[in-house]
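The values are calculated or read from the model by the stated rules, or taken from the named source; none is laboratory data. These numbers were taken from a predicted model, which means no experiment stands behind them. No Cβ is skipped: glycine too gets one built from the backbone with ideal geometry, and neighbour counts run over all protein chains shown.
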């Protein structure tokens, strides 16, 4: 599994948790793990031409695409399932923040830094792994910023 290998290369022992069923939403993942929805690290893919922009965000937040566009200087559009699969190698609902087919531009929600640990997907809709948000930012080479939509 690419995610497991990427975690090991980055000094993280295999911490992949396999859920009994798919957790396609942040709330479903939080319920299954017994953590807050904010601790779920969602991987959202935007399209910038033929390049992917990965935004790792707290499960409690929605991404402000205008903030992401301003931070990257790129024109963004919504990524469809085929683009996500081609760029990342993962299906929507299981996109891991690392081990992508093609290296994306990566931004990370600063709100994730308020947690001791976060839970990103591990490449499949029913797999997750635990990591400190600081380490997640390091291994994904993410630019940490305010990307949340203000309600």
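Among the residues making up the range 131-151, those that are out of contact with any strand residue (DSSP E or B) (no Cβ under 6 Å at 6 or more places or on another chain) and either surrounded by 20 or more Cβ atoms within 10 Å (Cβ to Cβ) or modelled with pLDDT under 95 (or both) are 131, 136, 149, 150, 151. For the range 33-55, filtered to residues that are more than 22 Å from residue 83 (Cα to Cα) and in contact (Cβ under 8 Å) with a residue 24 or more places away in the chain, the residue that is surrounded by the most Cβ atoms within 10 Å (Cβ to Cβ) is 40.
Condition check: buried (at least 20 other Cβ atoms within 10 Å of the Cβ) and either part of a loop (DSSP other than H, G, I, E, B) or more than 12 Å from the chain's Cα centre (by Cα) (or both). Does residue 74 satisfy that? Taking the combined requirement at face value, the residue does not satisfy it. Would you point out the residue of the range 79-91, among those that are touching a strand residue (DSSP E or B) at 6+ places or on another chain (Cβ under 7 Å) and either more than 21 Å from residue 118 (Cα to Cα) or free of Cβ contacts under 8 Å to residues at least 40 places away in the same chain (or both), that is surrounded by the fewest Cβ atoms within 10 Å (Cβ to Cβ)? Only one residue tops the list, namely 83. Taking the range 53-71, which residues are in a helix (DSSP H, G or I), in contact with a strand residue (DSSP E or B) (Cβ under 7 Å, 6 or more places away or on another chain) and more than 19 Å from residue 26 (Cβ to Cβ)? 71 - this is the single residue of the range 53-71 that is in a helix (DSSP H, G or I), in contact with a strand residue (DSSP E or B) (Cβ under 7 Å, 6 or more places away or on another chain) and more than 19 Å from residue 26 (Cβ to Cβ). On the basis of being within 25 Å of residue 113 (Cβ to Cβ), crowded, with 19+ Cβ neighbours inside 10 Å and in contact with a helix residue (DSSP H, G or I) (Cβ under 6 Å, 6 or more places away or on another chain), does residue 94 make the cut? Spelling it out, it is not the case that residue 94 is within 25 Å of residue 113 (Cβ to Cβ), crowded, with 19+ Cβ neighbours inside 10 Å and in contact with a helix residue (DSSP H, G or I) (Cβ under 6 Å, 6 or more places away or on another chain).
This table checks each residue for (1) modelled with pLDDT of 90 or more; (2) farther than 21 Å from residue 109 by Cα.
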{"site": "1", "(1), (2)": "no, yes"}
{"site": "16", "(1), (2)": "yes, yes"}
{"site": "22", "(1), (2)": "no, yes"}
{"site": "30", "(1), (2)": "yes, no"}
{"site": "37", "(1), (2)": "yes, no"}
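Is it the case, given these coordinates, that residue 59 is surrounded by 17 or more Cβ atoms within 10 Å (Cβ to Cβ), under 12 Å from the mean Cα position of the chain (by Cα) and at pLDDT 95 or above? Judged against the criteria, residue 59 is a match. Within the range 5-26, the only residue that satisfies the criterion of being in a helix (DSSP H, G or I), touching a residue at least 24 places away in the same chain (Cβ under 8 Å) and more than 15 Å from the chain's Cα centre (by Cα) is 5.
The set of residues from the range 92-138 being closer than 19 Å to residue 36 by Cβ, without any contact (Cβ under 8 Å) to a residue 60 or more places away in the chain and in a loop (DSSP other than H, G, I, E, B) comprises 97, 116, 132.
Scanning the range 92-109 for residues that are at pLDDT 95 or above and under 13 Å from the mean Cα position of the chain (by Cα) turns up 95, 96, 97, 98, 99, 100, 104, 105, 106, 107, 108, 109.
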